[in-house]
Amino acid sequence: MCDCCNESNTKKQVIEVDPQYSPMEGTIVKTKIMTETEKFFEIKLEGGKELGHMPGQFVQFSLFGIGEAPISISSSPTKEDKSTFEVVVRKAGVFTSAMHKLEEDDKIGVRGPFGKPFPVDDLKGNDLIFVAGGLGLVPLRSLINFVIDKRRDFGSVDILLGCKAPKDRLFTDEAEGWNKLTDINHACTVDQSDPEWKGNVGVITTLIPGVDINVNRTYAVVVGPPIMYKFVISELLKKGMPEKQIILSLERRMKCGLGKCGHCQINDKYVCQDGPTFTYEELKGLEEAL
Amino acid sequence: MRYVYLEKSDLDKMIQHLKKEHRVVAPVAKENLFVFADVENAEEITLEYLPTILPPKKYFFPPKQVLGEFTMGETKMSSTTVEVEPTVIFAAHTCDIDGMECLHTVFRNDPVDPYYKKIEKEIAVIGYECMFPCDECATCVTMDTHVPKAGYDAMMTDAGDKFIIHINSKKGDALISNNPIFKEVESGTAKEEIKKLRAAKLKKFDVKLKASYSELPGIFADSYDSDVWEGVGKRCVSCGNCTAVCPTCYCFDMYDEVKLDISGGERKRVWDSCQLEEFAEVAGNENFREERSSRQRHRYYRKFDYPVKKYNKFFCTGCGRCTRACMAEISLVETVNDITKENKNV
């Protein structure tokens, strides 16, 4: 567009717009190295303002000069201290590497929460199976803790965790705690063992046959890498699970979070608005989904 | 319904009239092609033009747009503003007006885009009806965008030694008044004249797509697994020309531009293209549209299938720009006809 010949005397005006893309200010109040590549952050919004999220949603973190990245929220809105929320970030690119350098008292920009949460109202009154592979436990932990905090609203709860090696396990303290809860069944497996590991060895699907499923009143919530979905879903379908009772959460690189920029689009769905949580029924025909 | 006549010899007077309070942009010849650009007088304008290189979307949704300014180390933007200027887009074709309608649908959809909204408010559209088909690439007849319907403030139709101007909004009413060059005409008379002109015009326009408007959604619904995409993917060079020139493509990327003294900078959005390899890549280099064939298919489905489901509207205006701009000679007419042929044989 050439503006050089535009000499008309019309009123060019610079006007304020709604700061839709301007982040809120977050302060990091706690960090913890979880594995070689994963770091935990607890973040407080300005003035202790509640984020107001539900399990399954995500935020856009912002660092000026570097950019933005979508990150799943890992804490439950039922958490005692409502003035903070928690995330776990894997060092995978420029933004996440920069974020890993942040420590307590550092500031970070936050936009959100975005996305469609897990359908907690549909889950109520039903038995639940949580299946998490690797980093999938991060968003799922929000829902697991939500369910634990509202335990009487739900039926039996099975938590199945899988990861590559024992050293990659996340939230091990919390998982220990789940072991002690009598109203929750918790099983964990690793793909590759190490000398100290005394638990299950094998891919996560090996845990599914051991779960007693009443297909009429059970929801499975599955979060993990794309390859895991294919195998876990086929195992659940084998058990007779209805497609609409299998819930998934997808990862895409959203840029705007507002259903515009097109980056997260899967066929006719925008992951940032129609997801990131979907039922398998919604996704099964979509080639680009899994 | 208000109609006025404008003598052709008064065209420059009309431009000067509009320029009193507006920036005027219009089709201008550039080498052997055309562009929308600022004009000073009617002489600079080419009224009979092949669709411009870029559609007028650049005025609503600039190729690069500042979302906000920032100071390094801060978390909130120091300012979020947009520059607006009362602008008349003059002599827009009906296909491009349809393209504007598509963009309006997207950016007005909740959550409303605040930048687009402010800019759009300052833009008036005066259309110019095509009386002749442009070239082999255009499919406006099938897409039903070859006659004026909606989306303009005023529409000019060539009637020999004069233009008939149809006023279609309050904004248009205010623009096309207070000047003796605009001669009021009884609406029945004007409509009758336009009807005759249009009947003669339509005889000159031929249909290039083998599928009709109403058949297209069904054909696309059945063609997702067609081999045609494989063939298109083999020729595509992933340059992104087709999406840049498309009047309804609006995908963007966001990035930070930092000042040389690194004290701060601007967060911007910039036109992006789903045809580029890294567009649908996520962390860990997983790519959900790794193949050119799947990216080309995505483009076609974003014109003929997904928006029909979401907005009940085709996002192809039939302007033909993607075909003209393709370095690998991928033709929309050919692609859509190929899947139609396949579909109708089954």
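The values are calculated or read from the model by the stated rules, or taken from the named source; none is laboratory data. Because the structure is a prediction, the values reported are computed rather than measured. In this analysis, Cβ positions are derived from the backbone assuming ideal geometry, glycine residues included, and neighbour counts consider all displayed protein chains. Calculation scope for accessible area: heavy atoms of the full protein, side chains included, ligands and nucleic acids excluded. Shrake-Rupley method; radii C 1.70, N 1.55, O 1.52, S 1.80 Å.
In debye to the nearest 20, how big a dipole does the range A:120-249 give about its Cα centre with +1 on each Lys and Arg Cβ and -1 on each Asp and Glu Cβ? Show your work: numbers first, answer last.
Working: 15 positive and 17 negative charges, 39 e Å.
Roughly 180 debye for the range A:120-249.
Determine by what factor the alpha-carbon radius of gyration of chain B differs from 2.2 N^0.38 Å, reporting the quotient.
Chain B yields a ratio of 1.07.
Rank A:Pro242, A:Gly52, A:Cys261 by how far each Cα sits towards the positive end of the charge dipole of chain A (+1 on Lys, Arg Cβ; -1 on Asp, Glu Cβ) and give me just the farthest.
A:Pro242
Tell me the volume per residue, in Å³, of the convex hull enclosing the alpha carbons of chain A.
Each residue corresponds to 164 Å³ of Cα convex hull volume.
Taking the convex hull of the alpha carbon atoms in the range A:24-114, what volume per residue do you get, in Å³?
Each residue corresponds to 87 Å³ of Cα convex hull volume.
Nearest 5 percent is fine: what portion of the DSSP beta bridges confined to the protein assembly as shown is antiparallel?
Taking every DSSP beta bridge with both residues in the protein assembly as shown, the antiparallel ones total about 65 percent.
Evaluate the charge dipole of the protein assembly as shown about its Cα centre and quote only its size in Debye, nearest 20, assuming +1 on the Cβ of each Lys and Arg and -1 on the Cβ of each Asp and Glu.
960 debye
Tell me the accessible surface of B:Glu184 in square angstrom (1.4 angstrom probe, heavy atoms of protein chains only), to the nearest ten.
Ignoring ligands and nucleic acids, B:Glu184 comes out at about 120 Å².
Counting only other chains, what is the mean number of Cβ atoms within 10 angstrom of the Cβ of each residue in peptide A:17-29? Write down the numbers at each step before the final one.
Values: counts 14, 8, 8, 8, 10, 11, 7, 2, 3, 1, 1, 0, 0.
Partner-chain Cβ atoms within 10 Å, mean over residues of A:17-29: 6.
Among B:Ser331, B:Ser238, B:Ser187, whose mean-square fluctuation peaks in a Gaussian network model of chain B (Cα, cutoff 10 Å)?
Taking springs between Cα atoms under 10 Å, the residue moving most is B:Ser187.
I need the phi-derived Karplus couplings for the range B:4-11: 6.51 cos²θ - 1.76 cosθ + 1.60, θ = phi - 60°, integer Hz, Gly and Pro marked x.
With the stated coefficients, the range B:4-11 comes to 9, 9, 9, 5, 4, 5, 9, 4 Hz.
Explain nothing, just compute: Karplus ³J(HN,Hα) = 6.51 cos²θ - 1.76 cosθ + 1.60, θ = phi - 60°, for every residue of the range A:67-78 in order, whole Hz, x for Gly and Pro.
x, 9, 8, x, 9, 5, 8, 9, 8, 8, x, 7
When every alpha-carbon pair in the range A:78-175 is counted, what percent end up more than 20 Å apart?
That tail contains 51 percent of the Cα-Cα pairs.
Which of rounded, prolate or oblate describes the protein assembly as shown when judged by the alpha-carbon gyration tensor and an a/c cut-off of 1.5? List each step's numbers first, then the result.
Details: a/c = 2.63, a/b = 1.83, b/c = 1.44.
Because a/c hits 1.5 or more and a/b exceeds b/c, the protein assembly as shown counts as prolate.
In whole Å, what is the distance between the alpha-carbon centres of the range B:19-78 and the range B:268-336?
23 Å
Report the accessible surface area buried between chains B and A, summing both sides, using a 1.4 Å probe on protein heavy atoms only, in Å² rounded to the nearest 100.
Between B and A, the summed buried area is about 5200 Å².
Counting pairwise Cα distances across the range A:120-249, what percent come out greater than 22 angstrom?
Tail of P(r) above 22 Å: 30 percent of Cα pairs.
Just the number please: accessible area per residue for the protein assembly as shown, 1.4 Å probe, all protein chains included, in Å². Don't skip to the end; give the middle numbers.
Numbers: 27280 Å² over 636 residues.
With all protein chains present, the protein assembly as shown gives 43 Å² per residue.
Sort B:Thr189, A:Thr279 by accessible area with a 1.4 Å probe, largest first. Don't skip to the answer; put the middle values down first.
On the way: B:Thr189 65, A:Thr279 25 Å².
Ranked list, largest accessible area first: B:Thr189, A:Thr279.
Put one equal scatterer on each alpha carbon of the range B:275-346, apply the Debye formula with no solvent term, and list log10 I(q)/I(0) at q = 0.17, 0.19, 0.23 1/Å to two decimals.
So the normalised log intensities are -0.80, -0.95, -1.16.
Would you work out the charge dipole size for the range A:24-114 about its Cα centre, treating the Cβ of every Lys and Arg as +1 and the Cβ of every Asp and Glu as -1, and quote it to the nearest 20 debye?
Roughly 180 debye, rounded to the nearest 20.
Filter the GluC sites (Glu not before Pro) in the range B:1-93 down to the DSSP loop ones having no more than 12 other Cβ atoms within 10 Å, then list what survives.
Those satisfying the criteria are B:Glu31.
Residues of the range A:62-89 that become at least 40 Å² less accessible with every protein chain present than in their own chain isolated, using 1.4 Å: which are they?
Buried-area filter returns A:Phe64, A:Gly65.
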